[in-house]
Amino acid sequence: MKVINKVEELTVELNIFRSKGLSIGFVPTMGALHQGHLSLIETAGKENDLVVMSIFVNPTQFNNSEDLKKYPRDLNKDIELIKKSACSIVFAPDEKDIYPDENSKKSDFNFGLLTKIMEGKFRPSHFDGVAMVVKRLFEIVQPSKAYFGQKDIQQFLVINHLNNHYLADLKITLVKCPIIREPDGLAMSSRNLLLNDDSRKSAGLIAKTLIQAKENYKSFSVEELKKWVIDNINKDTKLKVEYFELVNDPDLEEIKIWDKNKKILACIAVFAGSIRLIDNIYFN
Ligand code: AMP
C-alpha cells in the first residue's frame, strides 16, 4: 500500500492504471478509521481493480472551529488498520493541496431542499464544504465508482445531486454501503472515540429506539411516533435529541402520513454529552 501526499504524484500513478484500462474505486474519508470505513474498502475491492482511499479532515465542512480542532487524527494508526485491506493507495493531502488559495474555498452550489433541513439546518454551510471537497477529490482521482456510507445518508443524497448535476462529465457511479454498528447498535463513527464512558453507555439507546420505531411505526401517527422517539431518548439524561425527522428518500420531503409508495427514512441527531451523533434507518 502506497501513501501519497501530492496531487501531481497521485495523478501520475493513477494515469498509469487508467492507461491499462483498470478500474479505480474511491473511498473518501476524514480518517480516524474504523470497521465502517473498512467495509467501504472491502466493497470497493470486490468491484474494482484498484482502491484509493483519501484521508483529509476537510476544514470547510466544519461550521464550528472547536469541532474541527477536536476531530480525532492519527494517520499512522489509520495506515496500520488498512495495511492488510484491499486499499492500494492512501491519498493524504495537506490543506494547500486541496485548497491552493482562498478562492478555491468559495462555492456556488444549489442543492434545494436537500441542504435546507436536518444537517443542513443545524450545520449551516456544512454541505457546501462537503460538496467542495468531494468535487475536488473526484476531479483529482476520477474514479469509476465512489463508495459512501448510509450512515451519512443526507450527505450521500447531496453528493448524488452533485455528481448528477455538477460532475456528470466524470461519469462516476456512486455506491451506498450499509451502516456498520457496534454490538449495542451504536453506528460506528470517528466521533465515538470522543465519548466518555457514561455517554458511550447511553448512546446505544439511539439505535435501539430507531429499531423500535421501525418495528411499530404503523401503530402510531407520524406526530405520535416523532414524540415517542424524542421522549424515549431524552429520558436518558446523558442524551439530548437535536432533531428527529421522517423524510422521503431521495428528495428528503417531510413525511406527513404513512404512504407505502414512499421510501420512508428516519433521521436523527443526538448530543451524547457534548458529542453530536447522527444515525438513520429505513422503515420500508
Ligand atoms: P467520515 O470519515 O466520517 O467522513 O466517513 C467517511 C465515509 O465512511 C462516509 O461515506 C461515511 O458515510 C462512511 N461511514 C462512516 N461511518 C460508517 C459506518 N458506521 N458504516 C458505514 N459507513 C460509514
In segment 183-194, how many are more than 10 Å from the ligand (Cβ to nearest atom) and either under 19 Å from Val133 (Cβ atoms) or open to solvent by 20 Å² or more (accessible area, probe 1.4 Å) (or both)?
-> 4
Any idea how many residues of segment 246-263 are touching a helix residue (DSSP H, G or I) at 6+ places or on another chain (Cβ under 8 Å) and in a strand (DSSP E or B)?
-> 2
When only residues in segment 53-62 that are of a type in the set (A, V, I, L, M, F, W, C) and within 11 Å of the ligand (Cβ to nearest atom) count, which is nearest to Asn192 (Cα to Cα)?
-> Val57
When you go through Leu33, Leu50 one by one, which is the residue that is within 10 Å of the ligand (Cβ to nearest atom) and not aromatic (Phe, Trp, Tyr)?
-> Leu33
So which of Ile172, Ile159, Ile180 ends up being within 16 Å of the ligand (Cβ to nearest atom), open to solvent by 30 Å² or more (accessible area, probe 1.4 Å) and of a type in the set (A, V, I, L, M)?
-> Ile180
In segment 109-124, which residue that is assigned to a loop (DSSP other than H, G, I, E, B) and of a type in the set (Phe, Trp, Tyr) is surrounded by the fewest Cβ atoms within 10 Å (Cβ to Cβ)?
-> Phe109
Take segment 141-156 and flag every residue that is among the hydrophobic types (A, V, I, L, M, F, W, C) and either open to solvent by less than 10 Å² (accessible area, probe 1.4 Å) or assigned to a strand (DSSP E or B) (or both).
-> Val141, Ala146, Phe148, Ile153
Out of all the residues in segment 202-211, is one or more within 16 Å of the ligand (Cβ to nearest atom), assigned by TED's automatic domain parsing to the domain that holds Ile255, surrounded by 18 or more Cβ atoms within 10 Å (Cβ to Cβ) and among the β-branched types (Val, Ile, Thr)?
-> yes
Looking at Ile24, Ile41, which one is touching a strand residue (DSSP E or B) at 6+ places or on another chain (Cβ under 6 Å), more than 16 Å from the ligand (Cβ to nearest atom) and within 14 Å of Tyr147 (Cα to Cα)?
-> Ile24
A careful count of residues in segment 69-87 that are small (Gly, Ala, Ser) and part of a helix (DSSP H, G or I) gives 0
Test Ser65 against the criterion of being closer than 19 Å to Lys105 by Cα, more than 9 Å from the ligand (Cβ to nearest atom) and touching a strand residue (DSSP E or B) at 6+ places or on another chain (Cβ under 6 Å), and give yes or no.
-> no
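The values are calculated or read from the model by the stated rules, or taken from the named source; none is laboratory data. None of these values were measured; they are calculated from a predicted model. Methodologically, a virtual Cβ is constructed for each residue, glycine included, from the backbone with ideal geometry; neighbour enumeration extends over all protein chains shown. These area figures cover heavy atoms from the full protein model, side chains too; ligands, DNA and RNA do not enter into them. Shrake-Rupley method; radii C 1.70, N 1.55, O 1.52, S 1.80 Å.
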